[in-house]
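Here's the structure we're looking at; comments come further down.
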There are 2 protein chains.
Amino acid sequence: MEPPAEIGMELKDVDTPALIIDLDRFESNLNLMSKQVEDLGVNLRPHAKTHKSADIAKAQMARGAVGVCCQKVSEAEALATDGIQNILITNQVVGRHKVDRLVRLSKKAEISVCVDHSENILELNAAASRANIDLAVFVEMDVGGGRCGAFPGKPVLDLASQVVQAPCLKFAGLQAYNGQAQELRSYAGRRQATEVVCNAVEETVLLLKERNIQCPTVTGSGTGTWEFEGSSKVYTELQAGSYVFMDASYLRNENIDGKVGRVFQSSLYIYTLVMSATSHEYAVVDAGLKSIAFDQGMPAVVGDLGANYYEPSDEHGLIKLTEATRSYSLGDKIMLIPGHCDPTVNLHNWYVCIRQGRVEQVWDVTARGALY
Amino acid sequence: MEPPAEIGMELKDVDTPALIIDLDRFESNLNLMSKQVEDLGVNLRPHAKTHKSADIAKAQMARGAVGVCCQKVSEAEALATDGIQNILITNQVVGRHKVDRLVRLSKKAEISVCVDHSENILELNAAASRANIDLAVFVEMDVGGGRCGAFPGKPVLDLASQVVQAPCLKFAGLQAYNGQAQELRSYAGRRQATEVVCNAVEETVLLLKERNIQCPTVTGSGTGTWEFEGSSKVYTELQAGSYVFMDASYLRNENIDGKVGRVFQSSLYIYTLVMSATSHEYAVVDAGLKSIAFDQGMPAVVGDLGANYYEPSDEHGLIKLTEATRSYSLGDKIMLIPGHCDPTVNLHNWYVCIRQGRVEQVWDVTARGALY
């Protein structure tokens, strides 16, 4: 298959549906976050689950990021192959086959991983021992997300002690991601939810210290709460990832002034074509369930705030036509802002990067479909 | 990236999350549909938007299918490259770049396409003329779906007349897909909805005949209604596609006896791993929004009907643990039935085909990500 665009092409000639980056907005987001973490004095390790791109990971590291995060061994394999040398897998890697791949990858790049279970620690240590390496391991805390992670206090302490004693593992610190706070709309609400978690993490760090376990790194955070963890003096590393693109959902978060959308800007779009225009009630576009993720709602139409995208099917979507909307003709091309960037990116093989109406770059989605 | 399995491997060693085909069930579905359409005396042109696989298209054609359907030019390009020679694009192809690709492809394989707009007919004819070919064109009727298609009666007649008069186009017939009837749960409801549409199509065919326009083919139908269009004497070709896998949603359709799930069987699964088991309330599995489509509801857990999969996130899902469910331990692997097969398949690069607990084949998802 060929990409939907060539470098130098005008935007209007890009094939549809295509995944578009507005480079000016994207770079502005990268520069802003880089400056902010420098001011806060914490490390940035952006989550690459958002973009799955070696090109974007390199752009982040060129601006000071210490490395990136991934969720899957195969994502880390794909990014390492394309030159990314420092990767934290913010997830549990379970089972002989996956663990062996993790350990093999650790010989090529600086890899660390999370654990939340005693059996998994034994499995990782055995694999590291067979491969004759030391593997860096974070203990993941469940800080209210109700998903992976050991509970704060004694469960985390027990796992950390086990890691410290495992001959082929290095205790790298704590992973504590407060997922459920990311999209609380009120600024004060996100700050308060983050403070509660920071206190729980700090208590656990002290508990470790009492047992003479030093905690080199506390890592976590996201695009909804980075400024709170960043100024907490508890977290040493921030994992925000979505700031590069800004999902429609994140754009609804209120800032400190109670207003929305003033800090990071949306920079990721789906370019789509009006492929059928037989009705006065709707226009049919060529982007549906196979090119946009809908789990966080419908996409917005750029430049036509009155327009509603509705009834997505596999390869189609409808734009409701009213007196409040623009008129749409067969062959028109329009930009959509996806509700949820991460699973939208995963549907595409290429980013088409635009500046001033022209294609400046075409980047692979390096780790698209890296599920394992 | 490497596939999650090798031929000969035991199922339990397949990496997760993986897209699995149960070959016995899959072949039974193919054989059953082949026999049914033969008995009905209609052609089968299964929709390849479901499976996007040249291997599966070949298996269907080996059992008598006259060709396949696709939704996108790039899907047709991918399948034609892998040897599929007869493809109907059941969709509008709009814009110079796409139309030129369509015409180029027509030199390599037998390609037909749908239209619902006068301007598009001019565009297709001009491209076919430039390429010095005759292009086969179906006029798509909107039979109540409220998406693409011209309205029955005069609008369809006008477009068909225009196609007939276009020097480089051949009028191939009518496309009439009754999407909104496919998942009416009651058998009588689906039959009645299909009858209404068959009558409208028949009237339009007669209207064409009055103007001396012969309609060689009436094509449409789906897995929910194939038996009704198949016995209608109006449709000459059925496009059912989902019968090969059977979405959880289609399995809820009632058959003629008022019971469900007795004809075609589910044959497509997601194999997933319990990657975190720190809670007594849930187990965390490694398949979420990036490996399963959720637009038609949550997946079902095979062999544990009491179990609920809930709260999917990008790379995780939760299985609710109750007294009614099995117990789950770290590292357990389980099978899920996806709610909607087509967009689930599009998330994966490979099918892992299983028989009697072993991997018999690994097939590419040939046209995964073929969006254009």
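The values are calculated or read from the model by the stated rules, or taken from the named source; none is laboratory data. Keep in mind it's a predicted model, so treat the numbers as computed, not measured. Quick reminder, even Gly has a Cβ in these numbers, built from the backbone with ideal geometry, and neighbours come from all protein chains shown. Heavy atoms of the whole protein, side chains included, go into the accessibility calculation; ligands, DNA and RNA do not. Shrake-Rupley method; radii C 1.70, N 1.55, O 1.52, S 1.80 Å.
Things worth noting here:
- Occluded residues from segment A:303-340, i.e. those whose accessible area drops by 40 Å² or more once the chain is not alone (1.4 Å probe): A:ASP314, A:GLU315, A:HIS316, A:LEU330
- Net +/- balance of residues flanking A:SER129 in space, Cβ distance below 15 Å, scoring K and R +1, D and E -1: +2
- Between this copy and the others, label points of A:PHE151 are 6.3 nm apart in ascending order, each placed 7 angstrom from Cα in the Cβ direction.
- Computed about the Cα centre, the dipole magnitude for segment B:1-128 is approximately 580 debye when only Lys and Arg (+1) and Asp and Glu (-1) carry charge, each at its Cβ.
- Relative to the longest principal axis of the Cα atoms of chain A, the long axis of helix A:187-210 lies at roughly 20 degrees.
- Charge dipole magnitude, Cβ of K and R +1, D and E -1 - chain B, Cα centre, debye nearest 20: 820 debye
- Chains A and B, summed buried accessible surface - 1.4 Å probe, Å², nearest 100: 5100 Å²
- 7 Å along Cα→Cβ, label-point gaps from B:ARG104 to other copies, nm, shortest first: 3.7
- Cα-only Debye scattering, segment B:167-319: base-10 log of I(q)/I(0) at q = 0.10, 0.11, 0.15 Å⁻¹: -0.52, -0.59, -0.85
- Considering only beta bridges that DSSP places wholly inside chain B, some 45 percent are antiparallel.
- Antiparallel bridge percentage (DSSP; both residues within the protein assembly as shown; nearest 5): 45 percent
- 11 Å beta-carbon shell around B:PRO338, net charge (K/R +1, D/E -1): -3
- One chain, two ends: B:VAL164 and B:LYS233. Fully extended at 0.36 nm per residue, the span grows by 22.4 nm beyond their Cα-Cα distance.
- Across the accessible surface of the protein assembly as shown, with the other protein chains kept in place and a 1.4 Å probe, carbon and sulfur atoms take up 48 percent.
- Largest-first ordering by accessible area, 1.4 Å probe, given options B:SER249, A:SER186: A:SER186, B:SER249
- Protein-protein interface of segment A:262-281, residues with accessible area decrease of at least 30 Å², isolated chain reference, 1.4 Å probe: A:LEU273, A:MET275, A:SER276, A:THR278
- Using a simple spin-label model with pseudo-atoms 7 Å out from Cα toward Cβ, A:ALA126 and B:THR325 lie 2.6 nm apart.
- For the pair A:SER118 and A:ALA188, label points projected 7 Å from Cα toward Cβ lie 4.5 nm apart.
- Taking N as its residue count, the alpha carbon Rg of segment B:257-372 over 2.2 N^0.38 Å: 1.13
- Whole-Å semi-axes of segment A:27-164's equivalent ellipsoid (Cα gyration tensor): 27, 19, 12
- Nearest-first distances (nm) between copies at A:LEU251, label 7 Å from Cα via Cβ: 3.9
- Each Lys or Arg adds one and each Asp or Glu subtracts one; over the other residues with Cβ under 13 Å from the Cβ of A:LYS209, this totals -2.
- Rounded to 10°, Cα long-axis angle of helix A:118-131 versus longest principal axis of chain A: 90 degrees
- Translational diffusion of chain A, estimated by Stokes-Einstein from the Kirkwood radius over alpha carbon pairs at 20 °C in a medium of 1.002 mPa s, is 99 µm² per second.
- Inter-part distance, segment A:82-144 to segment B:1-22, computed on C-alpha centroids, equals 22 Å.
- Its Cα centre serving as origin, segment B:1-55 has a Cβ charge dipole (Lys and Arg +1, Asp and Glu -1) of approximately 440 debye.
- Cut-off 19 Å (backbone N to label point 7 Å along Cα→Cβ of A:PHE151), residues of segment B:297-340: B:319-323, B:328-330
- Distance between the C-alpha centres of segment B:300-372 and segment A:233-248: 30 Å, rounded to the whole angstrom.
- Solvent-accessible surface, computed for protein heavy atoms with a probe of 1.4 Å, shrinks by 20 Å² or more for the following residues of segment B:95-123 when the other protein chains are added to the isolated chain: B:HIS97, B:LYS98, B:ASP116, B:HIS117, B:GLU119.
- A 1.4 Å probe run over chain A, with the rest of the protein chains in place, finds 37 Å² accessible per residue.
- For chain A, relative contact order (Cα pairs under 8 Å, six or more residues apart, normalised by length) works out to 22 percent.
- Computed helical MRE - 222 nm, chain A, DSSP H runs ≥ 4 contributing -39500 (n - 2.57), nearest 500: -9000 deg cm²/dmol
- Globularity ratio of the protein assembly as shown, using Cα Rg and 2.2 N^0.38 Å: 0.99
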